[in-house]
Amino acid sequence: SFYLFTVFKVKQTSKRSSESYCSAPPIKSPRADSPSPTTQTTDAGEEHLERNKQEVHTENVGDPSAPSQRKSWRRATISRRSLPAPPNPLQALSRSISTSLTQEERLEKLLEAAVKWALDRTQNSLQTVPNSSIETFQKQVEHIQKEWSGLAKSVYDESHRVPSSSTSETDVKRLMEDVQKATNRLNEENQSWEALLSKHRNKAEELNRMVEKGQKTGIPLDSAAVAKSSVYHVIQNKPNYFDLLCRQRPMLHAMEMIMDTQCKMVRELLSIKEMSRLLLKETSGRLAEEAGFQALPTDILKNLMSAPPSTAST
């Protein structure tokens, strides 16, 4: 943004200067022999300009056929001294650039000079500002100059880089070789993955067949593998658990019948307990009504047990 602002400032100033050169010259003041130009004041200059306008107006409204008046007006107009142009510090930026350089190089030099001029003006302004750090500004200026030099160099290199046909063909050939190598590598990886997938698929099918066969006929032990095992003798001497379970089947059946009987007895006892509780509650209520108790608590024994013992009064 700082670079764009500087370029815009330079263009605007150059445009103003060109407009000032192309515009009409300012109104000339009449030559005065007695007073010196250095001793004339602004009010005197304004009075001369006003008097000159009045004279020109009088000559225009007068007799146009008088040749002497026209000649005197022309002579006075030619002999008038023009005011100097206002000083423009930005004109020196373009004057110091050689015209033998190319358009890009001249623009680069102009931008560098404009940036330097803007930094100098900013530094001069900072000197009048209180609590301003000139050292920090100098560090920032150095950083900006480094960035600007790198940017200008990269832009110059890119603009003047001319790719040769042989270099481009070599690059394209190398790129095609790299693409071909990558394609071959991907094909090899695809083939290896396909082989691994088919291998695992065959193993899965074999396991499915073995599971189905084991569900139907059982899985026989591999004698060769078992003989090489360290627990071969333990496996050979292990008991027949199936025969043991078959022999224990009557006892297990008897235990099952006993457990069923015990469950039925427990259920009967629970029903008897519930019936006894209801009967006791009904009998207690009837006896309380006969004895004349209006409101008999439901848990008499609990209340008696929780009540503190009564002390005998003397």
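For L279, what charge total do you get from the other residues with a beta carbon under 12 Å from its beta carbon, if Lys and Arg give +1 and Asp and Glu give -1? Mind showing how you got there, number by number?
Details: positive: K273, R277, K281, R286; negative: E274, E282.
Around L279, the surrounding residues sum to +2.
Count the net charge of all other residues whose Cβ sits under 13 Å from the Cβ of E177, scoring Lys and Arg as +1 and Asp and Glu as -1. Working shown, then result.
Details: positive: K173, R174, K181, R185; negative: E169, D171, D178.
Here the count lands on +1.
Quick one: if you stick a label point 7 Å off each Cα along the C-beta vector at K281 and T183, how many nm between them?
In this crude spin-label approximation the distance works out to 9.3 nm.
What is the local net charge at Q191, summed over the other residues whose Cβ is closer than 14 Å to its Cβ (Lys, Arg +1; Asp, Glu -1)? Walk me through the numbers before you get to the answer.
On the way: positive: R185, K199; negative: E188, E189, E194.
Once positives and negatives cancel, what remains is -1.
Throughout, read-outs are computed from the coordinates displayed, never taken from laboratory work. The shown structure was predicted, so the numbers you read here are calculated from the model rather than taken from an experiment. Note that we place each Cβ from the backbone using ideal geometry, even for glycine, and neighbour counts take in every protein chain shown.
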